[in-house]
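Engineer: Pasting a structure here, questions to come.
The values are calculated or read from the model by the stated rules, or taken from the named source; none is laboratory data. All of these numbers come straight from a predicted model, not from anything done at the bench. Cβ coordinates were reconstructed from backbone atoms using ideal geometry, including for glycine residues, and neighbour counts include every protein chain displayed.
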Amino acid sequence: MRTGAIALVFGTRPELVKLAPLAWELGASAGWIHTGQHPWADLAEIAGDLRIGPPDRDATVGSAPPGLLGASVAAVADALTELAPDVVVVQGDTNSTLAGALATAKVGLPLVHLEAGLRAFDRRLPEEHNRIVVDHLSDVLCAPTPLAATQLADEGIAATRIVVTGNTAVDAVHRVLPDRDERLAIRAAFDLRADEYAVATLHRPENVDDGQTLATIVEELRDLPLPVLMPVHPRTSDRARRAGIELGGGAIVVTAPLGYRAFIALAADSAFLVTDSGGVQEEASVIGRPAVVVRRSTERPEVLGTVTTRVDPGPAIGAAARAILADLPELHQRLADLASPYGGGDARYLTVAAIEQLIAPR
Ligand code: UDP
């Protein structure tokens with residue numbers, strides 16, 4: 001395939017993590033377009049961990065609140081016109097994903113959607129709107145699980161457009177997870193001992209935009225009976241500052257967002273995770289660590305009740321964490337024996353095969 005034949009459009013860290021495995025397979029035929037939803041400076045370390053260089057085209061128009069969506073679509077469309085790929089790949093459900101999909105439709109290129117078919121059945125979530133629109137615009141929909149494929153079929157999307165690939169998040173974890181010695185060194189930098197700390201990541205609007213809700217979550221984490229390492233997402237530090245909330249204190253050990261390799265290393269040796277992240281729920285199922293998911297709804301029911309426990313923000317967080325701790329060695333053993341429903345780490349091969357079939361001369 002020629003250089004830049006397959007455009008990979010991304011704007012945030014989960015898109016970068018989950019598109020990277022495609023680039024490993026595609027080599028020079030992958031051309032990266034960055035929408036700038038998260039500045040490249042914030043993504044460069046994660047890109048380095050995944051052996052991805054700077055993007056081929058920068059379509060940055062600032063971060064992308066609704067008013068900037070139009071500008072972002074125009075910028076990505078310009079980048080696509082310059083790069084002239086045969087096909088465009090977008091991933092997930094961010095504003096960047098939506099901008100990439102709309103730009104692709106505008107320029108008239110075939111579109112592939114990674115992580116298609118996720119549904120929380122919760123119309124309060126901006127991500128739900130994005131993923132529905134992107135799925136229906138896409139020519140090839142890579143569903144991570146059979147459930148996601150069924151949900152697409154239920155919306156009337158033709159079976160010929162849907163392929164179950166697994167999730168490339170699994171490929172990424174397998175590639176970066178450091179060995180025992182390196183994990184020990186990474187933990188030592190935070191003075192943490194294996195299985196004796198938790199890792200918490202929170203950034204969703206439903207948890208951090210309302211000061212009272214954020215304060216409640218922070219109180220729950222402070223009161224946990226083990227250190228809670230909290231790499232703070234820029235959105236969360238911004239909302240906390242505006243609401244006058246101090247994020248540290250008690251059990252909480254605050255740190256800047258971590259590189260991908262360090263994050264996976266620390267998550268893999270934790271007692272458990274507390275998160276509202278989608279990607280972290282998938283990763284938890286690969287590294288075999290339980291996760292308390294602080295969300296009103298979830299689009300990842302495949303791991304609910306085995307790997308994850310969903311709770312509303314409030315006292316349920318502490319209760320779920322204590323229940324996990326009461327059963328810790330047995331729970332870790334059960335999860336070690338459980339295969340991830342998101343696949344065995346070969347999603348990139350199935351995805352690349354689907355892309356090649358889409359652009360093969362007929
Ligand atoms: N992540 C990371 N460093 C951190 C926290 C998370 O590299 O300090 C990674 C994590 O492993 C996962 C991704 O970022 O792959 C999740 O991103 P985020 O929570 O922003 O997005 P979501 O998955 O909720 O869409």
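Engineer: Please identify the pairs in which a residue from region 265-278 that is within 12 Å of the ligand (Cβ to nearest atom) has its Cβ atom under 7 Å from the Cβ atom of a residue that is among the hydroxyl-bearing types (S, T, Y), counting only partners at least 6 apart or on another chain.
Structural biologist: From residues that are within 12 Å of the ligand (Cβ to nearest atom), the pairs are T275/T201; S277/T201.
Engineer: With within 17 Å of the chain's Cα centre (by Cα), farther than 17 Å from T165 by Cβ and buried (at least 24 other Cβ atoms within 10 Å of the Cβ) as the only criterion, which of L118, L98, L114 stands out? Can you show your working first?
Structural biologist: Details: L118 fails: farther than 17 Å from T165 by Cβ; L114 fails: farther than 17 Å from T165 by Cβ.
On inspection, the qualifying residue turns out to be L98.
Engineer: Being more than 18 Å from the chain's Cα centre (by Cα) and touching a residue at least 24 places away in the same chain (Cβ under 8 Å) narrows it down to one residue among V199, V176, V253; which is it? Please lay out each step first, then the result.
Structural biologist: Details: V199 fails: more than 18 Å from the chain's Cα centre (by Cα); V176 fails: more than 18 Å from the chain's Cα centre (by Cα).
Of the residues listed, the single one that is more than 18 Å from the chain's Cα centre (by Cα) and touching a residue at least 24 places away in the same chain (Cβ under 8 Å) is V253.
Engineer: How many of the residues in region 134-149 are free of Cβ contacts under 8 Å to residues at least 24 places away in the same chain and farther than 15 Å from A105 by Cα?
Structural biologist: Start the filter on region 134-149 by keeping residues that are free of Cβ contacts under 8 Å to residues at least 24 places away in the same chain, which leaves 135-136, 146.
From what's left, farther than 15 Å from A105 by Cα: 146.
Counting residues in region 134-149 that are free of Cβ contacts under 8 Å to residues at least 24 places away in the same chain and farther than 15 Å from A105 by Cα gives 1.
Engineer: With respect to V173, determine if the residue is closer than 15 Å to V112 by Cα and crowded, with 18+ Cβ neighbours inside 10 Å. If you could, list the steps in order and put the result at the bottom.
Structural biologist: Values: closer than 15 Å to V112 by Cα: no; crowded, with 18+ Cβ neighbours inside 10 Å: yes.
No: the conditions fail for V173.
Engineer: Here is a check on your reading of the model: is E330 under 17 Å from the mean Cα position of the chain (by Cα) and of a type outside the set (V, I, T)? Explain how you work it out, then say what you get.
Structural biologist: Numbers: under 17 Å from the mean Cα position of the chain (by Cα): no; of a type outside the set (V, I, T): yes.
The answer is no for E330.
Engineer: For region 184-191, state whether one or more residues are under 17 Å from the mean Cα position of the chain (by Cα) and farther than 22 Å from A316 by Cβ. I'd like the intermediate steps shown before the answer.
Structural biologist: Filtering region 184-191 down to residues under 17 Å from the mean Cα position of the chain (by Cα) leaves none.
No, because not a single residue in region 184-191 is under 17 Å from the mean Cα position of the chain (by Cα) and farther than 22 Å from A316 by Cβ.
Engineer: I'd like to verify a number: residues in region 288-300 that are out of contact with any strand residue (DSSP E or B) (no Cβ under 9 Å at 6 or more places or on another chain) and either more than 14 Å from the ligand (Cβ to nearest atom) or assigned to a helix (DSSP H, G or I) (or both), how many?
Structural biologist: Here is the first cut: in region 288-300, the residues out of contact with any strand residue (DSSP E or B) (no Cβ under 9 Å at 6 or more places or on another chain) are 288, 299.
Still in the list and also either more than 14 Å from the ligand (Cβ to nearest atom) or assigned to a helix (DSSP H, G or I) (or both): 288.
Number of matching residues: 1.
Engineer: Continuing with the same structure: Considering each of R57, R51, R131 in turn, give the residue that is in contact (Cβ under 8 Å) with a residue 12 or more places away in the chain, buried (at least 17 other Cβ atoms within 10 Å of the Cβ) and within 16 Å of the ligand (Cβ to nearest atom). Steps first, answer last, please.
Structural biologist: Details: R57 fails: within 16 Å of the ligand (Cβ to nearest atom); R51 fails: buried (at least 17 other Cβ atoms within 10 Å of the Cβ).
Step by step, each of R57, R51, R131 is checked, and only R131 is in contact (Cβ under 8 Å) with a residue 12 or more places away in the chain, buried (at least 17 other Cβ atoms within 10 Å of the Cβ) and within 16 Å of the ligand (Cβ to nearest atom).
Engineer: Just for helices (runs of 4 or more DSSP H) wholly inside region 313-362: which have at least 2 residues that are touching a Leu at 6+ places or on another chain (Cβ under 7 Å), crowded, with 18+ Cβ neighbours inside 10 Å and modelled with pLDDT of 95 or more? Steps first, answer last, please.
Structural biologist: Details: elements: 316-326, 328-336, 347-359.
It comes to 316-326, 347-359.
Engineer: Can you go through A148, A105, A120, A116 and tell me which one is modelled with pLDDT of 95 or more and over 22 Å from P341 (Cβ atoms)? Write out each step before concluding.
Structural biologist: Working: A148 fails: over 22 Å from P341 (Cβ atoms); A120 fails: over 22 Å from P341 (Cβ atoms); A116 fails: over 22 Å from P341 (Cβ atoms).
It is A105.
Engineer: What's the total number of residues in region 13-36 that are out of contact with any strand residue (DSSP E or B) (no Cβ under 8 Å at 6 or more places or on another chain), in contact (Cβ under 8 Å) with a residue 40 or more places away in the chain and surrounded by fewer than 24 Cβ atoms within 10 Å (Cβ to Cβ)?
Structural biologist: Let us first name the residues in region 13-36 that are out of contact with any strand residue (DSSP E or B) (no Cβ under 8 Å at 6 or more places or on another chain), namely 13, 17, 20-21, 24-25, 27-28.
Next cut, in contact (Cβ under 8 Å) with a residue 40 or more places away in the chain only: 13, 17, 20-21, 24-25.
Remaining after also requiring surrounded by fewer than 24 Cβ atoms within 10 Å (Cβ to Cβ): 13, 24-25.
Number of matching residues: 3.
Engineer: Could I ask something else about it? Consider G92 carefully, then state whether it is at positive phi and touching a residue at least 24 places away in the same chain (Cβ under 8 Å). Full working, then the answer.
Structural biologist: Working: at positive phi: yes; touching a residue at least 24 places away in the same chain (Cβ under 8 Å): yes.
When the stated conditions are applied, G92 passes them.
Engineer: Now for a separate question. Specify which of the listed residues (A41, A5) is hydrophobic (A, V, I, L, M, F, W, C), away from the ligand (no atom under 11 Å from the Cβ), surrounded by fewer than 20 Cβ atoms within 10 Å (Cβ to Cβ) and within 16 Å of L109 (Cβ to Cβ). Don't jump to the end; show me each part of the working.
Structural biologist: Working: A41 fails: within 16 Å of L109 (Cβ to Cβ).
One residue alone meets the criteria, A5.
Engineer: How many residues does region 202-236 hold that are within 23 Å of the chain's Cα centre (by Cα), away from the ligand (no atom under 14 Å from the Cβ), closer than 21 Å to R124 by Cβ and not acidic (D, E)?
Structural biologist: 3
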